[in-house]
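Here the structure comes first, spelled out in structure tokens, and everything after it is commentary.
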Amino acid sequence: MNNRGLTSLLLLLTLAAFLLSLMAGKVWIWPSSWAADSADGWIFLELRLPRALLGLCIGAVLGLSGAVLQGYLRNPLADPTVLGVSASAALGGVGAIYLGLNLLPFGLFACAMLGAGSSILLLLAISRNGGPIGFILGGMVLSTLAGALTAFIISIAPNPFAASEIINWLMGALTDRLMVDVATALPFMALGVALLLSTGRALDALTLGENGARSLGINLFRLQWIIVLGVGLAVGASVAVSGVVGFVGLIVPHLIRALYGEQPSKILLPSALGGAILTLTADSLVRLLPGPSEVRLGIAMAVLGAPFFLLLLLRYRRGNA
């Protein structure tokens, strides 16, 4: 199957995953009830629809961000979670909650996006010339530091209710999100996605190395800032609205690359679609698990993503042995 056929298939799978997310849950809501003046119709409009829209957008953002970071760093292990970007965005969000900035318009989003963008700049500064392993180690340092600072803020929270609210938010979930959350997060994510999709040609040139990219007219300083702003806006907004949902950007580009090849520009849009499919499907499945409450989406993705990361790391080490 050619690339156009594969992309058409991914679009159909994305639509199927979106429809499943609209219907699935402890109580299934079939399309005939979506516009009904009933409890099912109310649940659909107020809860299921915004949840599915956020799952679609957040999955696309994370899949695309992972593909861009892997292409820019030329590192198959790069991912917003592994590199500490998500943890830094979460730290910004927790700081906003602790200081009460989340009560300001866009306060939580601004702090989360600032945390995500700053972490990428810091990672580039501390890991320059360190090779692929240097970036991973730098990301782990950032993730550990952000996690420690987040835990510190939780420990000095003024009351247990505030600490519980922060912890529940950090675990990552799309539960009880409303259309106002969609309307707030979507413009930031859309702008971030537009910036990241514009990097395809430059990422292709980077496969020739930095000198080769410069010889083709690529402004690497400009590219770096586009990626910092794009990932900061996209990942920061997704973390602000859902908490930390990890490993989507690690898993999806590898699966897409096996289908589309190694050229970075060709896997950007498919990675966004693949991220949406994975996130929507995972969110539907956690709703269907038996039990009185849902498993958090962030926890489910961590359980899935951690072994995948370990397998990739072992494969990378064997290839460089």
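The values are calculated or read from the model by the stated rules, or taken from the named source; none is laboratory data. No experiment lies behind these values; they were computed from the predicted model shown. Note that each Cβ is placed from the backbone with ideal geometry, even for glycine, and that neighbours are counted across all protein chains shown. Ligands, DNA and RNA are stripped out before the accessible areas are found, and what is left, the full protein with its side chains, is counted by its heavy atoms. Shrake-Rupley method; radii C 1.70, N 1.55, O 1.52, S 1.80 Å.
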Filter result for the condition that a residue is part of a helix (DSSP H, G or I), of a type in the set (A, V, I, L, M, F, W, C) and at pLDDT 90 or above, over Leu255, Leu269: Leu269
Hey, Leu208 out of contact with any helix residue (DSSP H, G or I) (no Cβ under 7 Å at 6 or more places or on another chain), of a type in the set (A, V, I, L, M) and outside any helix (DSSP H, G or I) or not: yes
Residues (in contact with a Leu (Cβ under 8 Å, 6 or more places away or on another chain) and under 20 Å from Leu312 (Cβ atoms)) located in the range 133-166: Phe135, Ile136, Gly138, Gly139, Leu142, Ser143
Residue within the range 178-192 that is closer than 27 Å to Ser293 by Cα and open to solvent by 80 Å² or more (accessible area, probe 1.4 Å) present: yes
Close pairs (7 angstrom Cβ cut-off, 6 or more residues apart or separate chains): under 15 Å from Phe247 (Cα atoms) in the range 166-177, open to solvent by 40 Å² or more (accessible area, probe 1.4 Å) anywhere: Met171/Arg296; Met171/Ile299; Gly172/Arg296; Ala173/Arg296
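Would you confirm, using the coordinates I've provided, whether Ala213 is of a type in the set (Gly, Ala, Ser), buried (at least 19 other Cβ atoms within 10 Å of the Cβ) and farther than 27 Å from Thr279 by Cβ?
For Ala213, the condition - of a type in the set (Gly, Ala, Ser), buried (at least 19 other Cβ atoms within 10 Å of the Cβ) and farther than 27 Å from Thr279 by Cβ - is met.
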Asp181 acidic (Asp, Glu) and in a loop (DSSP other than H, G, I, E, B): no
Given (1) surrounded by 20 or more Cβ atoms within 10 Å (Cβ to Cβ); (2) touching a helix residue (DSSP H, G or I) at 6+ places or on another chain (Cβ under 6 Å), index of the condition Ser33 fails: (1)
Residue within the range 197-209 that is within 30 Å of Ser21 (Cα to Cα) and either out of contact with any strand residue (DSSP E or B) (no Cβ under 7 Å at 6 or more places or on another chain) or surrounded by 14 or more Cβ atoms within 10 Å (Cβ to Cβ) (or both) present: yes
Residues of the range 1-26 satisfying the condition of being part of a loop (DSSP other than H, G, I, E, B) and either open to solvent by 80 Å² or more (accessible area, probe 1.4 Å) or farther than 23 Å from Pro50 by Cβ (or both): Met1, Asn2, Lys26
Output for the range 63-85, where each listed residue is open to solvent by less than 10 Å² (accessible area, probe 1.4 Å) and either at pLDDT below 85 or aliphatic (A, V, I, L, M) (or both): Leu64, Ala67, Val68, Leu69, Asn75, Leu77, Ala78, Asp79, Pro80, Leu83, Gly84, Val85
Residue that is nearest to Phe309 (Cα to Cα), among those in the range 43-62 that are surrounded by fewer than 24 Cβ atoms within 10 Å (Cβ to Cβ) and of a type in the set (D, E, K, R): Arg48
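Residue by residue, here is whether (1) touching a His at 6+ places or on another chain (Cβ under 7 Å); (2) over 19 Å from Leu22 (Cβ atoms); (3) open to solvent by less than 10 Å² (accessible area, probe 1.4 Å); (4) not basic (Lys, Arg) holds:
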residue: Val235; (1), (2), (3), (4): no, yes, yes, yes
residue: Phe247; (1), (2), (3), (4): no, yes, no, yes
residue: Leu268; (1), (2), (3), (4): no, yes, yes, yes
residue: Asp283; (1), (2), (3), (4): no, no, yes, yes
residue: Pro292; (1), (2), (3), (4): no, yes, no, yes
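Based on what the data block shows, is Asn129 at pLDDT below 80, open to solvent by 60 Å² or more (accessible area, probe 1.4 Å), within 30 Å of Gly209 (Cα to Cα) and not in a helix (DSSP H, G or I)?
Yes: the conditions hold for Asn129.
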Only listed residue being under 30 Å from Phe152 (Cα atoms), free of Cβ contacts under 8 Å to residues at least 60 places away in the same chain and touching a Leu at 6+ places or on another chain (Cβ under 9 Å), chosen from Gly95, Gly59: Gly95
Count - residues of the range 150-166 that are assigned to a helix (DSSP H, G or I) and either open to solvent by 80 Å² or more (accessible area, probe 1.4 Å) or touching a Gly at 6+ places or on another chain (Cβ under 8 Å) (or both): 6
Test result for Ile218, part of a helix (DSSP H, G or I), among the β-branched types (Val, Ile, Thr) and either closer than 12 Å to Val68 by Cβ or free of Cβ contacts under 8 Å to residues at least 40 places away in the same chain (or both): no
